[in-house]
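A short write-up of the structure that comes next.
Since every read-out is calculated from the coordinates, none of them should be taken as a lab result. Just so we're clear, the structure is a prediction, and the values are computed from it rather than from any experiment. Here the Cβ is made from the backbone with ideal geometry for all residues, glycine too, and neighbour counts use every protein chain on show.
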Amino acid sequence: ADKDLGVQAAEAIRNQLSKQTNVRDLVVVPKADIVNSLISSGYSPTEALPPGDAKALATLVRAPQYLEGSVTKTPTGYKIDSRLIISRDMSKGQALPTAQGAKLDDAANQVAKAIKDARRQLPAEEACHNNIAQGKYQEAVAAARNGLNGYPTANIVAVCLAEAYNALKQRDSV
């Protein structure tokens, strides 16, 4: 309901991610780049984007993943519900735990930590995805299972595992 709150939350999450991660591991797209891209494409920087347009924006700014979500002001502070999305396939996303905090930075800190945790599955998902593209379905299964060992609630790599099993005609395993 409060459009500025979404912008503030996004910036708080960007700041927390920048503090918590090494630039060699994760490049956080600056707010200015997002705002400039939105305005030059005819969008308001305070309006939520439809999923297809969010994917297009991520592609435009060369972001392999992006975050979608909502932030609400609660009687005790702030609540952020979010999802990490793979830009090449927006149907693949990782629901992140709900973050709550007395201050927006507290909730953003929790989201940033959850993003770091969720990103642990991405190398395995990429290996799984590439193996499927090459028709190496058993290798894809192995890569996905490896990713699940490192992050048991990995939705993104679990979807890739299901795709590999489906390609192997092992639908009961899916």
Projected onto the charge dipole of the chain (unit charges on the beta-carbon of Lys, Arg, Asp and Glu, signs +1, +1, -1, -1), the Cα from SER70, PRO152, ALA112 with the largest positive-side position is that of PRO152
How tilted is helix 104-118 with respect to the longest principal axis of the chain? Cα atoms for both, answer in degrees (0 to 90, nearest 10).
10
In debye, nearest 20: dipole of the stretch 1-84 around its Cα centre with unit charges on the Cβ of K, R (+) and D, E (-)?
220
Cβ-placed point charges (K, R +1; D, E -1), dipole of the stretch 35-86 about Cα centre in debye, nearest 20:
120
Estimated FRET transfer efficiency when R0 is 25 angstrom, pair GLU11-ASN130 (beta carbons, to 0.05)
0.15
Sorted by packing (mean other beta-carbon atoms within 10 Å per residue), highest first, where do 28-35, 95-102 land?
95-102, 28-35
Could you give the size of the charge dipole of the chain about its Cα centre, using +1 on the Cβ of each K and R and -1 on the Cβ of each D and E, expressed in debye and rounded to the nearest 20?
300
